[in-house]
1. Quick one: what Rg and Dmax do you get for region 77-118 from the alpha carbons, in Å?
2. Here are several values of Kirkwood radius over Cα pairs in Å: (i) 16.1; (ii) 14.6; (iii) 16.7. Which one was derived from the coordinates shown?
3. Convert each backbone phi in region 59-76 into a coupling constant with the Karplus relation 6.51 cos²θ - 1.76 cosθ + 1.60 (shift: θ = phi - 60°), then list the ³J(HN,Hα) values in order as whole Hz, x for Gly and Pro.
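Coordinate-derived values only; no laboratory data. As the structure is a prediction and not an experimental result, all values here were calculated from the model.
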Amino acid sequence: MWYRGGIGQWSWALHRITGVGVLIFLCLHILDTALIVLGPQAYNAVIALYRHPVFKVLEIGLVAAVLFHALNGVRIILFDFWVDLTRFHRQLFTVQMVLFVLIMIPVTIIMVGHIVQK
């Protein structure tokens, strides 16, 4: 028998995955900022690496992860304050994903535009 997770299970898993992804980014950001202690050459080398188009595409993924995590967090907070809303968790997840797409479309267009310009 195959396990078929519902929307709640997928939301739970994606919330954890995006949270870990954002945490990894924050740790890397702290480490690369700390490289300034080693001198400007080390810091500038890492920053030059981040200007590569591959990292720019990864930045779009980072924005998507932060946005999903934030919107899902708001949905969870709504459930914490108004328990009766849990009956509508599928509808709220749909609203969350519509907001996610509506925000990510222009953000992605802008970010890809910056990648193409350079």
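1. Cα radius of gyration and Dmax of region 77-118 are 16.0, 50 Å respectively.
2. (iii)
3. 4, 4, x, 5, 4, 4, 5, 5, 5, 4, 4, 5, 5, 5, x, 4, 4, 5
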